[in-house]
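Undergrad: Okay, handing you the structure first.
Every number here is computed from the coordinates shown, using simple stated rules; none is lab data. Values in this document were obtained by computation on a predicted structure and should not be read as measured data. Backbone-built Cβ (ideal geometry, glycine too); neighbour counts: all protein chains shown.
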Amino acid sequence: MTTYLIRRLLWLIPVLLTVSLVTFIIMRNAPGGPWDTDPDRRQVDATTLKMLETYYGLDKPMWRQFMAYVIGDVNPKGAFVCGLVCGNMGPSYRQRGRTVQDILFSAPADQPFWDSRFGYSMRLGLSALIFAVVVGIPIGILSALKQNTFWDYAGMFVTTIGVSMPNFVMGIFLIIIFAVWLHWVNIIASTWTTPNAWILPALILGFGTTATTARQTRSAMLEVMRQDYIRTARAKGLAERVIIPRHMLKNALIPVVTILGPALAILVTGSFIIETMFGFPGMGRAYVMSISQRDYSMIMGTTLIYALLVALANLSVDIIYSFIDPRIRLDK
Amino acid sequence: MRKFFVILGLLAVASMVLAACQPQTVVQTVVVAGTPQVVTVEVVATPVPEVQAPTLRVNLGTYPDVIDPQKSSFVNEIATLKQIYQGLTTFNEKLETVPGSAAKWEYNADATQLTFTLKPDLKYSDGSPLNAARFEYALRRNIDPSTAGEYASITDEIMNAPEWRAADPNAADYNRDEWLAKLGVKASHADGTACTGYDDAACDTLTLNFSKPAPYFHTIMGIWVAYPAKQENIEAGGPNWWNSSLYQVGNGPFIMDVVEPFVRQHFVPNPNFGGAGIPSYDLEYRYIVDTAVAFEAFKNGELDMTPSAGEDFATIQADPTLSAEHMVYPGACTILIKFGLAAKYTDPSGKPYDSPFLDKKVREAFALAFDAEGWAHDVDSDLSVATWTWIPPGYPGYDTATPLKFDPEAAKAALAASSFGGPDKLNALGLKLTYGDSPRNKQRSEWLVQKYKDYLGVDIALDPVDATTFTALTKDPATFPLLARQGWCADYPDPQNWLSVYWRSDTTFAQREGYKNEQFDALTKEADTTTDSAKRLDLYKQAQQVLLADIPSAFGYNTLNHFLVQPWVKGISTTPQDSDWAGAMVPWTITVEAH
């Protein structure tokens, strides 16, 4: 297991390097730059533009800019500035004076790490994932066990809505129902320190994953239910309350776990719409805005973080497999 | 037994809680007058309810990228800055330039020197003195090449400002002190002697020397580039100083109290504000980008003010309550259908051609065929106003006289009289309308090309590009689109900003499009340097008429500012510059009633 882990972690290095190179090439070939802003207003003049390009190293050849980002380079003052290998994700082109790691990982003064933008996105993604697991798996189990009954139809009806309806449409409906009609929650969180404020965003973000999880669980359960070893277990006289968790669920979970790992990464990355709707201080909106703003360092940094999250999520899935299914050996 | 102890424990806790909730009593010894009696009196403390200031909750949309007076450029950044700081001048409800931190100002005979005299006893919100040296620092910082502010060029009239900005601060021979010594910005005592520092109360004079006459410069000193952020705070806070309420200490109507990045900013009134009034409420900015959510939040009473979206306009109009709460007032922008003049374009076969709009008759045809009123109604749901002039209503220099109007018959005749003789030869060129891709812009562009087809018989292809790409294309004369919807929003309320800055041929805006008119250039150059304000305005008026007659673009429409405002928010006084929120320019007139 240890060897396997080390090998997978080492593979991350070339993966992330490739991701950064591809992102860099695509990003720098897109027309426009960080100071191409609202065309109906005054634009940065040529003198200032030259100063900014020198400061950010944009006047250097492309290969040198990439190397500067990854390894480092000498700045206009003559000092060497280490790059990504030292954990420096570069300065933001729009939020002047801040680095990408500062924007994403620094919390406001006296606040814990989880109050950083990354922390907020992770918490929202985890909340949505927990919701998906806690609600989606039981729905799937119930639908499978009560196949072709009211419970099955009701469960699949709800999950079909979850799968087919975009979350920004779902979001408006839920806002109107829970905030406007029922007044159970506020639309705009006065603060994100209370659990109440997280209910709607987590619900909306996790609804699609809940639906997918439920449907996957149902399919897997139905397949497992028809296996010979389940019939054998019943023939041996085991109670359903023993058969379901110990024999059915454990085997049905393998395909479910497969989707939940990357789902966490998707939930963290896909929170842009939720963040936009609720003014949530997460990473998703920063990522999308940085693309339209051509904030090169932010684009590179957030892309690499998401790539790392997806890679780690896939690794977690593989590890969890080995616990669920003892037949799976990771070392060979 | 276990249950007994549990109950006992609960009772113990309950008794302690109840004891804590008892009203506090104080035993006082009172001597009854005239007698030796001592009476013990129990005084029950009555809690005094804390009076909470009302809060005006405003939705601004996107969170600012940087809140630094000498680096900011976006509306939502300036929205924060102008509540924390005040410049040497400011603007009243009529957008007239009035005293801000300066009590008065005076130009020399040829407007190459401008001297401000500050109001006495000015203070920052923390009570520390504010003198002319602070404004000297602000202007120096704006011009300093190390700052590289996006609006740095706006003070280029100052002597040696453009030269200093172009200097390389990393060069071996760079000497900052030399540049400061020859820069045309000097703080001093009234008698001209040097100030001794930021605590020098007699340092009340700021003298600006210009490389050319600039009789409009006092207006520029009202915008954010001249806001006096404290040097020691900027240095103490480092590059990220602006992100903390600790360092944003200003002289404006409000004090920045709380910053929760990307969530909210909270402001409280500044009792040391030296302006026309001190606000009577707290101000809170929220950042909800999704207009549908903001609309619901407004209806739910969670916001006091939010921009209204065109998509919600029908709902607002149909609802009497929302209609009454909808505030619409003139905006700061004029939008045109611009003609690319300098670039080379290619027809469908790849053959290059010069812009057909170099022929004035073609420009005339497209200008007269633009149904600006139809646009305002059909496309913008009456959230814009048709115009056939350039400077918008409410701004100095606004003039309704114009030779242009919507006249499709005259448009057809003009096209027939052009070198193309009609639409066919134009269609062979493969004309394109370029726009920043969004659902809204697509709708606008489809409407426009259909109208040109209907009125002129001209086929125009849609050319959507990413928004940033669109800006990049319009910044380069070689790639300026043949047809594009673009406009101008005022930096400051002076005709110079509308005419000289945007259309004169030595400016980047005109050069990008490729526009040049010598008569217009001469008139604006003369107006820019004329110290007689009446004559100046008349020269700008003439220049605008020359511009309109030359038809550099199809005019156009003026934007409107439109907000939903709760009925308990009273006393709002708006100006066209209030594109951030209604009443932002003069917030002290607003009251927020209990609700």
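Undergrad: In whole Hz, what ³J(HN,Hα) sequence does the range B:60-73 give by Karplus (6.51, -1.76, 1.60; θ = phi - 60°), x for Gly and Pro?
TA: These are the phi-based 3J(HN,Hα) values: 9, x, 7, 6, x, 7, 8, 10, 10, x, 9, 10, 6, 8 Hz.
Undergrad: Just name one of B:Thr193, B:Pro279, A:Ile141: the one whose Cα is farthest towards the positive end of the charge dipole of the protein assembly as shown (beta-carbon charges, Lys/Arg +1, Asp/Glu -1).
TA: Farthest towards the positive end: A:Ile141.
Undergrad: Additional query: What per residue convex hull volume, in Å³, comes out for the range A:217-323 when only alpha-carbon positions are used?
TA: Dividing the Cα hull volume of the range A:217-323 by its residue count gives 122 Å³.
Undergrad: Which listed residue (A:Thr209, A:Thr258, B:Leu139) has the Cα farthest towards the positive end of the charge dipole for the protein assembly as shown, taking +1 on Lys and Arg C-beta and -1 on Asp and Glu C-beta about the Cα centre?
TA: A:Thr258
Undergrad: In debye, nearest 20, what is the charge dipole magnitude of the range A:14-88 about its Cα centre with +1 on Lys and Arg Cβ and -1 on Asp and Glu Cβ, if you could check?
TA: 200 debye
Undergrad: Let me ask something else about it. Given the range B:487-595, what whole percent of its Cα pairs are spread farther than 24 Å?
TA: 42 percent
Undergrad: Test of the criteria: in the range A:73-154, which trypsin sites (Lys or Arg not before Pro) are in a DSSP loop and have at most 16 other Cβ atoms within 10 angstrom of their Cβ?
TA: Of the trypsin sites (Lys or Arg not before Pro), the ones in loops of the range A:73-154 whose Cβ has at most 16 other Cβ atoms within 10 Å are A:Lys77, A:Lys146.
Undergrad: Now for a separate question. Can you find, among B:Tyr492, B:Gly583, A:Phe24, the residue sitting farthest towards the positive end of the charge dipole of the protein assembly as shown, where Lys and Arg contribute +1 and Asp and Glu -1 at Cβ?
TA: A:Phe24
Undergrad: With respect to the cross-link table entries B:Lys412/B:Lys516; B:Lys119/B:Lys475; B:Lys82/B:Lys186; B:Lys182/B:Lys525, which display a Cα-Cα separation exceeding 30 Å?
TA: As for pairs spanning more than 30 Å Cα to Cα, those are B:Lys119/B:Lys475.
Undergrad: How big is Rg to Rh over the range B:401-447, alpha-carbon atoms, Rh as the Kirkwood inverse-mean-distance radius?
TA: 1.09
Undergrad: Let me ask you something else. Going out from 0 in 10 Å bins, what whole percent of all Cα-Cα distances in the range A:113-324 drops into each bin?
TA: Binned Cα distances yield the sequence 8, 29, 31, 20, 9, 2, 0.
Undergrad: Which value in Å does the Kirkwood hydrodynamic radius of the range A:124-199 take, with 1/r averaged over all unlike C-alpha pairs and then inverted?
TA: With all distinct Cα pairs of the range A:124-199 included, I get 14.3 Å.
Undergrad: From the helices alone, meaning DSSP H stretches of at least four residues, give me the mean residue ellipticity at 222 nm for chain A, per-run term -39500 (n - 2.57), in deg cm²/dmol to the nearest 500.
TA: -20500 deg cm²/dmol
Undergrad: Below 8 Å, C-alpha to C-alpha, sequence gap of six or more: please give me the relative contact order for chain A in percent.
TA: It rounds to 23 percent for chain A.
Undergrad: Among B:Trp179, B:Trp447, A:Trp63, which comes first, then next, by fewest other beta-carbon atoms within 10 Å?
TA: Ranking B:Trp179, B:Trp447, A:Trp63 by Cβ neighbours within 10 Å, fewest first, gives A:Trp63, B:Trp447, B:Trp179.
Undergrad: Treating the beta-carbon of each Lys and Arg as +1 and of each Asp and Glu as -1, no other charges, what is the dipole magnitude of the protein assembly as shown about its Cα centre, to the nearest 20 debye?
TA: I would put it at about 4020 debye.
Undergrad: Regarding chain B, what are the three Cα extents along the principal axes, ordered largest first, in Å?
TA: 114, 69, 49
Undergrad: Can you show me the helix-derived [θ] at 222 nm for chain B, built from DSSP H runs with n ≥ 4 at -39,500 (n - 2.57) apiece and divided by the number of residues, rounded to the nearest 500.
TA: -8500 deg cm²/dmol
Undergrad: Hey, another quick one. Give me the orientation-averaged projected area of the Cα convex hull of the range A:14-88, in nm², one decimal.
TA: If I average the Cα hull's projected area over directions, I get 6.0 nm².
Undergrad: OK, next. Amide H of B:Val185: which non-local residues (sequence gap of 5 or more, or other chain) have their own amide H closer than 5 Å, using H built in the peptide plane?
TA: Those qualifying (amide H under 5 Å, at least 5 residues apart or on another chain) are B:Asn209.
Undergrad: Also, I was wondering about something else. For the range A:113-324, what is the charge dipole size about the Cα centre, in debye to the nearest 20, if Lys and Arg each add +1 at the Cβ and Asp and Glu each add -1 at the Cβ?
TA: With only Lys, Arg, Asp and Glu charged at Cβ, the dipole is about 560 debye.
Undergrad: Tabulate in residue order the Karplus-calculated ³J(HN,Hα) for the range B:140-155, using 6.51 cos²θ - 1.76 cosθ + 1.60 with θ = phi - 60°, rounded to whole Hz; enter x for Gly and Pro.
TA: 4, 5, 5, 8, 3, x, 5, 6, 6, x, 6, 10, 4, 6, 6, 10
Undergrad: Apply the Kirkwood formula to the protein assembly as shown: the hydrodynamic radius equals the inverse of the mean of 1/r over all pairs of different alpha-carbon atoms; give it in Å with one decimal.
TA: 31.8 Å
Undergrad: Same structure, new question: Can you give me the relative contact order of chain B as a percent, contacts being Cα pairs under 8 Å and 6 or more apart?
TA: 17 percent
Undergrad: Here's a follow-up. Quick one: B:Asp65, B:Asp532, A:Asp40, fewest Cβ neighbours within 10 Å first, how do they rank?
TA: B:Asp532, A:Asp40, B:Asp65
Undergrad: First obtain the Kirkwood hydrodynamic radius of the range B:170-304 from its Cα pairs, then insert it into the Stokes-Einstein equation at 4 °C and 1.567 mPa s, and state the resulting D in µm² per second as a whole number.
TA: Calculated translational D: 68 µm²/s.
Undergrad: GNM, chain A, Cα, under 10 Å: largest mean-square fluctuation among A:Gly119, A:Gly33, A:Gly87?
TA: Result for chain A, Cα springs under 10 Å: A:Gly87 fluctuates most.
Undergrad: A:Arg246: net charge of surrounding residues, Cβ under 13 Å, Lys/Arg +1, Asp/Glu -1, itself excluded?
TA: With Lys, Arg at +1 and Asp, Glu at -1, the net is +3.
Undergrad: Let me ask another. What's the longest bit of chain B with no exposed trypsin sites (Lys or Arg not before Pro), using DSSP loop states and at most 16 other Cβ atoms within 10 Å as the test?
TA: That gives B:95-404 as the longest site-free run.
Undergrad: Right, something else. Relative contact order of the range A:14-88, please, whole-number percent, based on alpha carbon pairs below 8 angstrom and at least 6 residues apart.
TA: Here the relative contact order equals 17 percent.
Undergrad: Which links in B:Lys360/B:Lys405; A:Lys50/B:Lys230; B:Lys104/B:Lys212 stretch past 18 Å when you go from one Cα to the other?
TA: Pairs exceeding the cut-off: A:Lys50/B:Lys230; B:Lys104/B:Lys212.
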